[in-house]
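The values are calculated or read from the model by the stated rules, or taken from the named source; none is laboratory data. From a predicted model like this one, the values you see are computed outputs, not experimental measurements. We place every Cβ from the backbone using ideal geometry, glycine too, and count neighbours over all the protein chains shown. Areas reflect the complete protein model, heavy atoms only, side chains present, ligands, DNA and RNA absent. Shrake-Rupley method; radii C 1.70, N 1.55, O 1.52, S 1.80 Å.
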Amino acid sequence: MERLLGLLRIRIKRGVNLAIRDINTSDPYIVIRMGKQKLKTRVMERDVNPVWNEDLTIFVYDPELPIKLAVLDHDFFSMDDKMGDAEFHLKPFLEGLKMNLKNTPSGTVINRIKPSKSNCLAEESCITWRNNVVVQDLCLRLRNVECGEVEIELHWIDVPGCKY
């Protein structure tokens with residue numbers, strides 16, 4: 001059996017300029033996958049700039065696995081339409097967790113990840129020491145679609161007996 005390293009709370013903040021898949025709008029929701037785990041947000045009806053502010057928590061067993069995000073348009077009478085996808089890796093975030101930051105002022109940026117062809121970042125992502133926890137803000141540019149971005153925030157949750 002794989003060893004649990006901890007929990008990752010993914011705050012799905014909002015979507016920006018998501019693709020239109022219905023007549024003039026879309027009914028988006030997000031699916032997060034890591035390995036065999038799959039979590040979904042609620043459907044935001046008739047909104048291409050939805051604000052979810054919804055937390056999804058995933059078990060982390062293998063830090064090398066990418067986290068995959070897909071945006072879909074909910075349809076009642078047909079298959080849900082794809083509205084783009086993105087993925088990101090936890091490695092830079094997890095490296096921040098290993099740092100000794102106890103005496104570091106809140107708001108200190110401990111790492112910056114630049115957008116590149118090898119990631120889905122729409123803009124620079126900062127890993128920050130905030131209120132005694134490591135937090136990463138990401139703005140992901142959706143692939144396989146004409147437009148759209150999703151803003152998320154990562155938080156680590158320590159589990160007693162499991163230590164990354």
Residue within segment 87-98 that is surrounded by fewer than 19 Cβ atoms within 10 Å (Cβ to Cβ) and over 27 Å from LEU4 (Cβ atoms) present: no
Starting from segment 3-16, take each residue that is in contact (Cβ under 8 Å) with a residue 40 or more places away in the chain and more than 12 Å from CYS139 (Cα to Cα) and list its partners that are open to solvent by 10 Å² or more (accessible area, probe 1.4 Å) and not in a strand (DSSP E or B), counting only C-beta distances under 7 angstrom and pairs at least six apart or across chains. ARG3/TYR61; LEU4/TYR61; LEU5/TYR61; LEU5/PRO63; LEU5/TYR164; GLY6/ASP158; GLY6/TYR164
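Which members of segment 150-164 meet the condition of being of a type in the set (D, E, K, R) and open to solvent by 50 Å² or more (accessible area, probe 1.4 Å)? Before the answer, list the steps.
The initial filter retains those residues of segment 150-164 that are of a type in the set (D, E, K, R), namely 151, 153, 158, 163.
If the condition is that a residue be of a type in the set (D, E, K, R) and open to solvent by 50 Å² or more (accessible area, probe 1.4 Å), then ASP158, LYS163 are the ones that fit.
Sort out which residues of segment 99-108 are hydrophobic (A, V, I, L, M, F, W, C) and open to solvent by 60 Å² or more (accessible area, probe 1.4 Å), and write them in order of number. Quick ask: steps written out before the conclusion?
Taking segment 99-108 first, the residues hydrophobic (A, V, I, L, M, F, W, C) are 99, 101.
Of everything in segment 99-108, just one residue is hydrophobic (A, V, I, L, M, F, W, C) and open to solvent by 60 Å² or more (accessible area, probe 1.4 Å), namely MET99.
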Reported set for segment 112-146 where residues are open to solvent by 90 Å² or more (accessible area, probe 1.4 Å), within 19 Å of VAL16 (Cβ to Cβ) and in a loop (DSSP other than H, G, I, E, B) is GLU123, ASN144, GLU146
Can you tell me which residues in segment 147-160 are part of a loop (DSSP other than H, G, I, E, B) and either within 23 Å of LYS91 (Cβ to Cβ) or in contact with a Gly (Cβ under 9 Å, 6 or more places away or on another chain) (or both)? CYS147, GLY148, ASP158
Out of all the residues in segment 56-111, which are outside any strand (DSSP E or B) and acidic (Asp, Glu)? ASP62, GLU64, ASP75, ASP80, GLU95
Which of the strands (runs of 3 or more DSSP E) contained wholly in segment 1-50 include at least 2 residues that are closer than 23 Å to TYR61 by Cβ, in contact with a Phe, Trp or Tyr (Cβ under 7 Å, 6 or more places away or on another chain) and open to solvent by less than 50 Å² (accessible area, probe 1.4 Å)? 6-16
Sort out which residues of segment 51-69 are in contact with an Asp or Glu (Cβ under 8 Å, 6 or more places away or on another chain) and within 16 Å of LYS13 (Cβ to Cβ), and write them in order of number. ILE67, LEU69
Which residues, counting only those in segment 67-86, are open to solvent by less than 10 Å² (accessible area, probe 1.4 Å) and under 10 Å from the mean Cα position of the chain (by Cα)? ILE67, LEU69, ALA86
